[in-house]
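Visitor: Quick one: structure below, then a few questions.
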Amino acid sequence: MSANIYEGGTAGLPQFRGGASKTAERPVSRRTDAERLARAKDVILREVDGAHATYLETCIRCGMCAEACHFYRATGEAKWTPIYKVQPLKRLYQRELGPMRWLHRLVTKDVTLKDLEDWQELVYDGCTECGRCDLMCPMGIQISPMIGIMRRALAEADLLPKELAAVAEEQKRDGTVFGVGRADILALVQQLAAKGIAVPVDKERATVVLLTSAVDLKGFQGSLEASARILNRMGVDWTLLSHSIELLGTGESLRELNVRRLVDEVTRRDAAVLILPECGHAYPALRFDSAHMLGEPVPFEVYSAAEYFGKAVQEGRLKLRKGAGEKVTYHDPCKVGRHGGVFDEPRAAIKALGLELKEMESHARTNYCCGGGGGQFLIERAKPLRQRAFEIKMREVDDTGAQAVLTGCNSCRINYLNGGANANWKTPVRSLVEVMAANLE
Ligand code: SF4
Ligand code: SF4
């Protein structure tokens, strides 16, 4: 057993780049500027609906969303105010869809390609789609989904930041990202077999299906090992899918295609449960968006790994060895926590491990994002901004007096590890699932 119970699992700093790119330094569009602008406008006009219209009409410009956003709070710069990030969308709505459009066509400037180029930094570098602003707006305005529309519009105008364009290109070309795929999964399974850890791969039928991700394969292979150890100990009938089906979505059609493929794979096996890897991006796609995409709920339950294993602890199906009351804090990943409402299960696991949980000032639903979500951690030019936002996390963690940070998302871990390394910050950051696996009773 390790000196400290939280030392279980991998602790290194993996290197991620924006895809094994074959693109030029700056992606070149083959479309004319007029076509790019028209495509972007088309996305906005198609996606803005009655709910968005209500949001846009009811903003009272109170500025409370600004304080909610880690990028504004870290810098105090007005341009990072959440609602400002959707200004082009608002102008287009006012001119083309709103009840006063006849007036706005006279007084409100039309949206240009230059506007969209200027907004690229605001919606990609300056937003992790964490949803904290949505929570804090007194008018209940859901700003982050509108930023999502802006992102899709910019992607249609070939205005993705070059690192995200490289990831999108790789995904389209090779079906995966970060240069890893099925061969890496099978190689890892062999390594685990050599260590005596059985990983059943692509079984025809299984009660539980486990998925891994490119982030895990590239940087956190201990996550798959941990999940395998726990599932084997629980005696679950499970299988790992050997296709690292990524559910990233710069192009909605690709995301939808991948969701459909995955749902088919799980349904074909008559599985009752799909466990998603410790990575935030698959969670909303499967848990929430799939029903909308497919027109019906998926016929199985969807859990993040920390959620599923924490639930097993709550239900007495998984027993953990207790530590000596070391102080830890828990970082709630935005997609699983604020969006998914998963707060109790990881905390039940922390309690079962005998750790003393020291909550950050902003935790659970109001937790601040690590600063690198939504692909932001890949954007090189955004590094100084990301670091400033991460300082909020460092301060909040330090204030708890915790000896370590645990989390249930490896994308968050990347940002913690990078941000911590940049600041020579020594607090260990660990996967909750890996710590659980290292302390099975
Ligand atoms: S908090 Fe809500 S109402 Fe206030 S400025 Fe932001 S979006 Fe508008
Ligand atoms: S979703 Fe998060 S990062 Fe984006 S504007 Fe809102 S608070 Fe800021």
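Visitor: Check which residues have an amide H placed less than 5 Å from residue 304's amide H, if you skip close sequence neighbours.
Guide: Residues meeting the amide H criterion: 276.
Visitor: In degrees from 0 to 90, rounded to the nearest 10, what is the angle of the helix 87-96 Cα long axis to the longest principal axis of the chain?
Guide: Once rounded, one gets 50 degrees.
Visitor: How many percent of Cα pairs in region 176-312 exceed 17 Å?
Guide: Result: 56 percent of Cα pairs exceed 17 Å.
Visitor: Quote the relative contact order of region 32-115 in percent (integer), defining contacts as alpha-carbon pairs under 8 Å separated by 6+ residues.
Guide: Relative contact order comes out at 28 percent.
Visitor: Residue by residue through region 378-385, which ³J(HN,Hα) values in whole Hz follow from phi under the Karplus form 6.51 cos²θ - 1.76 cosθ + 1.60 (θ = phi - 60°), with glycine and proline marked x?
Guide: The phi angles translate into 8, 7, 5, 5, 8, 4, x, 5 Hz.
Visitor: Mind running the shape call on region 259-397? Use the C-alpha gyration tensor, a ≥ b ≥ c as the square roots of the eigenvalues: rounded below 1.5 for a/c, prolate if a/b tops b/c, oblate otherwise. Mind dumping the intermediate values first?
Guide: Numbers: a/c = 2.58, a/b = 1.18, b/c = 2.19.
Oblate.
Visitor: At a 10 angstrom cut-off on C-beta neighbours, averaged per residue, how do the peptides 45-53, 391-399 rank from highest to lowest?
Guide: The densest-packed peptide leads the list: 391-399, 45-53.
Visitor: Could you rank the peptides 30-43, 90-103 by their average count of other C-beta atoms within 10 Å per residue, with the highest value first? Don't skip to the answer; put the middle values down first.
Guide: Details: 30-43: 15.3, 90-103: 16.9.
Per-residue mean Cβ counts within 10 Å order the peptides as 90-103, 30-43.
Visitor: To make sure I understand the rule: partners must be lysines, Cα under 28 Å from the Cα of residue 319, and not fewer than 8 residues away in the same chain. Which ones qualify?
Guide: Result set, ordered by chain and number: 195, 203, 311, 327, 335, 351, 358.
Visitor: Peptides 284-293, 106-115, 126-135: what's the order by average Cβ count within 10 Å, highest mean first?
Guide: Averaged packing, sorted descending, gives the order 126-135, 284-293, 106-115.
Visitor: A further question on this structure: Using amide H atoms built 1.01 Å from N in the peptide plane, name the residues 5+ places from residue 327, or on other chains, whose amide H lies under 5 Å from its own.
Guide: 356, 403
Visitor: Applying 1/(1 + (r/R0)^6) with R0 = 41 Å to the Cβ-Cβ distance of residue 233 and residue 117, what FRET efficiency is obtained, to the nearest 0.05? Mind showing how you got there, number by number?
Guide: Working: r = 53 Å, r/R0 = 1.29.
According to the calculation, E is roughly 0.20.
Visitor: State, as an integer percentage, the relative contact order of the chain based on alpha-carbon contacts under 8 Å between residues 6 or more apart.
Guide: RCO, the chain: 21 percent.
Visitor: Roughly how many whole Å is it from the C-alpha centroid of region 283-360 to that of region 196-243?
Guide: Measuring centre to centre over Cα atoms gives 17 Å.
Visitor: Using θ = phi - 60° and the Karplus form 6.51 cos²θ - 1.76 cosθ + 1.60, what ³J(HN,Hα) does each residue of region 101-115 get, whole Hz, x for Gly and Pro?
Guide: 3J(HN,Hα) across region 101-115, in whole Hz: 4, 4, 7, 5, 5, 8, 10, 10, 5, 5, 7, 10, 5, 4, 4.
Where a number appears in this text, it was derived from the coordinates with a stated rule and is not lab data. Quick caveat: nothing in here was measured; it's all calculated off a predicted structure. Reconstructed Cβ throughout: ideal geometry from the backbone, glycine too, with neighbour counts over all protein chains shown.
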